[in-house]
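Each remark here refers to the structure printed beneath this line.
The values are calculated or read from the model by the stated rules, or taken from the named source; none is laboratory data. Since this is a predicted model, take the numbers as computed values, not measurements. Here the Cβ is made from the backbone with ideal geometry for all residues, glycine too, and neighbour counts use every protein chain on show.
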Amino acid sequence: MLLTVEEFRAAEKILAGLPGCYEDTHVMIFIGFGFLMTFLKKYCYSALGFNWLLGALVIQWALLCQNFFHMTDGVIYITKLTIIEADIMAATVLITFGALLGVASGAQLLFIAVVETAVGCANIYLVSDVFKAADVGGSIAIHTFGAYFGLGVSMALKPKKVEGQPDPYQHELNGPSYVSDVSAMIGSIFLWIYWPSFNSALTQSDAEYQRAVVNTYLSLAACTVVSFVLSSAVSHHHGKFDMVHVQNSTLAGGVAVGSVCNMHIGAGGAIAVGIGAAVISVLGYRYLTPKLASWGLLDTCGVNNLHGMPGIYSGLLSVLFAAMATTEVYGSTGLGEVFGAIKEDERTASTQALNQFIALVATLAIAIIGGVITGFVSKLSLFSPLENKEKYDDEVNWELP
Amino acid sequence: MLLTVEEFRAAEKILAGLPGCYEDTHVMIFIGFGFLMTFLKKYCYSALGFNWLLGALVIQWALLCQNFFHMTDGVIYITKLTIIEADIMAATVLITFGALLGVASGAQLLFIAVVETAVGCANIYLVSDVFKAADVGGSIAIHTFGAYFGLGVSMALKPKKVEGQPDPYQHELNGPSYVSDVSAMIGSIFLWIYWPSFNSALTQSDAEYQRAVVNTYLSLAACTVVSFVLSSAVSHHHGKFDMVHVQNSTLAGGVAVGSVCNMHIGAGGAIAVGIGAAVISVLGYRYLTPKLASWGLLDTCGVNNLHGMPGIYSGLLSVLFAAMATTEVYGSTGLGEVFGAIKEDERTASTQALNQFIALVATLAIAIIGGVITGFVSKLSLFSPLENKEKYDDEVNWELP
Amino acid sequence: MLLTVEEFRAAEKILAGLPGCYEDTHVMIFIGFGFLMTFLKKYCYSALGFNWLLGALVIQWALLCQNFFHMTDGVIYITKLTIIEADIMAATVLITFGALLGVASGAQLLFIAVVETAVGCANIYLVSDVFKAADVGGSIAIHTFGAYFGLGVSMALKPKKVEGQPDPYQHELNGPSYVSDVSAMIGSIFLWIYWPSFNSALTQSDAEYQRAVVNTYLSLAACTVVSFVLSSAVSHHHGKFDMVHVQNSTLAGGVAVGSVCNMHIGAGGAIAVGIGAAVISVLGYRYLTPKLASWGLLDTCGVNNLHGMPGIYSGLLSVLFAAMATTEVYGSTGLGEVFGAIKEDERTASTQALNQFIALVATLAIAIIGGVITGFVSKLSLFSPLENKEKYDDEVNWELP
């Protein structure tokens, strides 16, 4: 029944090459995103409830939308691989939800989720099948797309300032309590823990898988240390940490390394990527988000700083690494081995770099335009948009104790 | 050291067939059940503490009780497989604990756990070895058994109404607070996430395993969406969600698909099962539980709506699918492939359907009778039953800060 | 695509032999330790934040320190195995953090973490490569080292009693609230769940792996039951449980079995080890910790009772089992199979027992001396040590809502 040492070592080799199970991604989607968004003091039920409802809806809808492009004789076969992909698509919609947290009604969120899933699946097809861009961790097609779709909707939902009314860009409930910030850490830390599994879930070989896990692990670790240091350095009260940075910027290293984590970027490269992500994200939260809010562009969780800008950064890094790829450096397997998502070896480094860039720009354009249009449609009274005084409040949607 | 693409693909095939590790089930038992039961405002310590104590006790006792039926030369060999089975048995007792949450003393709970484990293990032997019923996810032998054993005890513990005393069927501490409802969501979501691992843990082939995972995943997703919609439709205040439904009914899809998840029920079938489970569970919480409570049949967590009725529903579905099984539909392997639990192929579809039905009825009878008897014995003063004013209160058992 | 029953059974054999993935250990380090330390009423942000910051820093630094001893041609190769080892090293530092929780400043903690990682990695080299001691679960090199390094620092940081000032050995914030004790349970239970993965992560064969998992599982289960019983027996108010015991002593079974879990100790042996651990730990919390505190030796989490004394106990058990090892009992593979960490078979049982003992004593000496020296250096004003009134308070380090 039990294995010998030799059989066990063989099994260990196999284990080392196993892609991250969908279970880890599943925890990220439903515990990670759900609890991260409980940071608002009176929106915990809605954060957890809508996260769950939207996630459960999108994974079913995404199974249809994604596999529409990959049917066998008109039939969709569902396996563990397809349900990982569905879970990953749910992340896109939940990133958008983060931007709109507290300001969109349940009906608006459901409408946005349904539209975004369809558009997002088409965009993934474009990025990976048409442009054949390397994007194993989804920093382009998932993080950038989800964040800018959300900001697009947010532009459309920009509240009107009315003379004599309270400022709609400020809201007393748009902030944390001591307890809600602790429960948000459950989400944040689980996202951080399983991010290497997320980024490596769709790798195609053992070597690629190990690179994806180790690079993501190192990028996150470096990003975390630098986020704390920077948070303390730029804080309003000298030397104090800001929970917003701790809960969010620490994760930017996972986004930033996403598109390149399976490439030969080296341990030093991964750490450098993570440091850059922390700088972008903490400075974004500290200086950019208040500026955008003062223009009425609301982004409750600051997804621009966690998913948006780090996603663009990752896309640009993928352009850079594609351009630098040479047969000599990466051995006879060439680009095909470097870019896991690409099966053919015939493309040159510069073609691949160009494709990466086009994929990034196309994603940004589709996300923003799609988001703005969806946002305007969602303002129909059919979707019962919220009054300003109903925002960030569980009272609207829940029977409270 | 690293694998080639070919070796990796071979490993992926193996991965696809790996049964859910016991670790996932372990999280469900100790985090899932434990935190789900923290929803009461002043019973969080007891919920977590008793869940842990009972779980740790039962897994040791179940290792003896279960393997008593499967010894080799009088010796019990303990492997990862036997500890998965022990963890699953702990679920039975913790479902019963859910019915009695806040109303039974620690000594009563320990007594009930010891008796129920012994009776439950004998019932599992009856269901799987004597009747050879298909029940891979334990909806009959674990969920139905645990729920009705608990309701049996509850019948025996029914408090007496006394003239001039407060109504013992009502209790001011029998309700949630805002914070306790959030911590309960930790349990609820982890149960939801790992349920596919639970239902597939004892599958016997890769094909059966993949069916069990995918069907459970789909049933839960559909059940969740419908639970939210129905919760809002039947709510006391039009359109608001009820946390009780969100925390519990969302999980009924995992119970309902349990006995049939490894069969060829198809994606549409799995979704239909999940929808049915949501309807049964939400309507049960909304209309049946208050009715039972008004008769003094207390069921604090409403396990009848989460485990009891969905378990019976799953048992009846297994009768239906057994009756429908044909060699033509399921290929040359016939019933043996359809019913993972059965090794012999000689039985006909109708014999199997009858066996499924008998297993369900026997389980119900043993659970209710066993529960009522155990409940009456637990009222001995030896087990220090609680006064009405001590119920739902951590004060009785804990040194509070 | 799918496997046959035969292929699946082969895969199951492989699964059974897979070492605990690093993901489980990762959850223990960042969720487990982090949330366990949120039990203080006004130190939750710091507990979670510093745990994360220190963990993220140490895993990077440990990758260098540990692999300094195992380079290939001057290059460090990072794989999933090396990142498991880095995570395990982080545990050492976080145990030390537990002793100092609330009393050390951020700068002191960072300084201590950097020094301790370097010293701890050298000690691991001594224990496993020089003395070739069996210590698969790290009870000697991780738990004992971390706890006594922390107590060493604590000796150096002993606050001075000043006439007319409040007693520095007492602090009103050094205690839990109802909510913080619930969030601490998240950490405690996750540590408990994944401990078998931690103890088995570095096993070398399937048989050894299965023993490590099953023995740890049983030791923890027995320890939990006995911890509850003893907690209630020795409580200040007869029969009530104490949350400190429930959160901590329940885990002592994992520490106590650590050094011997991969040996042939049998199910009864594992349970006996767990019972002993519960007795040591609960009595330590009840009687020893208050005594030490009255001498000014602060140990906020009581790591002496959870990691220190159970670690020494485990080390002594490893001496005992080494001395008892005979070729007849363990088959022709002799000591080599019994002591997973040892590759050569030439040593006798008594030599091995002696080596185990020296490894334990050396670890204790290095930890205490290293801790005291590091503690004294950390009192430099450069590391901004805390005033007594700043202790156990998030206010010092965080922008609070």
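Just checking, how many residues over segment B:40-75 are within 8 Å of another protein chain (Cβ to nearest Cβ) and outside any helix (DSSP H, G or I)?
Qualifying residue count for the region: 1.
How many of the residues making up segment A:288-307 are under 22 Å from A:ALA222 (Cα atoms) and surrounded by fewer than 24 Cβ atoms within 10 Å (Cβ to Cβ)?
0
Need the failing condition index for B:VAL75 against (1) more than 15 Å from B:ILE59 (Cβ to Cβ); (2) modelled with pLDDT of 95 or more, just the number.
The number of the failed condition is (2).
Would you point out the residue of segment A:353-391, among those that are within 14 Å of another protein chain (Cβ to nearest Cβ) and closer than 25 Å to B:ASP181 by Cα, that is nearest to the chain's Cα centre (by Cα)?
A:LEU386
Only one of C:GLY266, C:GLY274, C:GLY253, C:GLY258 is more than 14 Å from chain A (Cβ to nearest Cβ), over 26 Å from B:VAL114 (Cβ atoms) and not acidic (Asp, Glu). Can you tell me which?
Within the list C:GLY266, C:GLY274, C:GLY253, C:GLY258, the selection yields C:GLY258.
From A:ILE265, A:ILE280, which residue is surrounded by fewer than 24 Cβ atoms within 10 Å (Cβ to Cβ) and closer than 24 Å to C:ILE84 by Cα?
Result: A:ILE265 is the single residue among A:ILE265, A:ILE280 that is surrounded by fewer than 24 Cβ atoms within 10 Å (Cβ to Cβ) and closer than 24 Å to C:ILE84 by Cα.
Within segment A:169-190, which residues are buried (at least 19 other Cβ atoms within 10 Å of the Cβ) and assigned to a loop (DSSP other than H, G, I, E, B)?
Answer for segment A:169-190, where residues must be buried (at least 19 other Cβ atoms within 10 Å of the Cβ) and assigned to a loop (DSSP other than H, G, I, E, B): A:HIS171, A:ASN174.
So, B:THR82, is that one surrounded by fewer than 21 Cβ atoms within 10 Å (Cβ to Cβ) and at pLDDT below 85 or not?
No.
Quick one: C:VAL130 ticks every box in (1) over 26 Å from C:MET263 (Cβ atoms); (2) free of Cβ contacts under 8 Å to residues at least 40 places away in the same chain bar one, so which box is it?
(1) is the only condition that C:VAL130 fails.
Does segment A:84-141 hold any residues that are on the phi > 0 side of the Ramachandran plot and touching a helix residue (DSSP H, G or I) at 6+ places or on another chain (Cβ under 7 Å), and which are they?
Once the filter is applied, which keeps residues that are on the phi > 0 side of the Ramachandran plot and touching a helix residue (DSSP H, G or I) at 6+ places or on another chain (Cβ under 7 Å), segment A:84-141 yields A:LYS132, A:GLY138.
Report the residue count in segment B:338-369 for those that are modelled with pLDDT of 90 or more, small (Gly, Ala, Ser) and surrounded by 23 or more Cβ atoms within 10 Å (Cβ to Cβ).
Qualifying residue count for the region: 2.
Out of all the residues in segment B:163-206, which are free of Cβ contacts under 8 Å to residues at least 60 places away in the same chain and within 14 Å of chain C (Cβ to nearest Cβ)?
B:TYR178, B:VAL179, B:VAL182, B:ILE189, B:ILE193
Can you give me the number of residues within segment B:100-119 that are part of a helix (DSSP H, G or I) and touching a residue at least 60 places away in the same chain (Cβ under 8 Å)?
So the count comes out to 9.
Do we find a residue being in contact with a Pro (Cβ under 9 Å, 6 or more places away or on another chain) and in contact (Cβ under 8 Å) with a residue 60 or more places away in the chain anywhere in segment A:289-309?
For segment A:289-309, residues in contact with a Pro (Cβ under 9 Å, 6 or more places away or on another chain) and in contact (Cβ under 8 Å) with a residue 60 or more places away in the chain: present.
What do you reckon, is C:LYS13 within 13 Å of chain B (Cβ to nearest Cβ) and at pLDDT 95 or above?
Judged against the criteria, C:LYS13 is not a match.
Every residue, every condition in (1) under 24 Å from A:THR96 (Cβ atoms); (2) in contact with a helix residue (DSSP H, G or I) (Cβ under 7 Å, 6 or more places away or on another chain); (3) of a type in the set (Gly, Ala, Ser); (4) within 14 Å of chain C (Cβ to nearest Cβ), yes or no:
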| site | (1), (2), (3), (4) |
| --- | --- |
| A:ALA278 | yes, yes, yes, yes |
| A:GLY284 | yes, yes, yes, no |
| A:ASN304 | yes, yes, no, no |
| A:HIS307 | yes, yes, no, no |
| A:SER318 | yes, yes, yes, no |
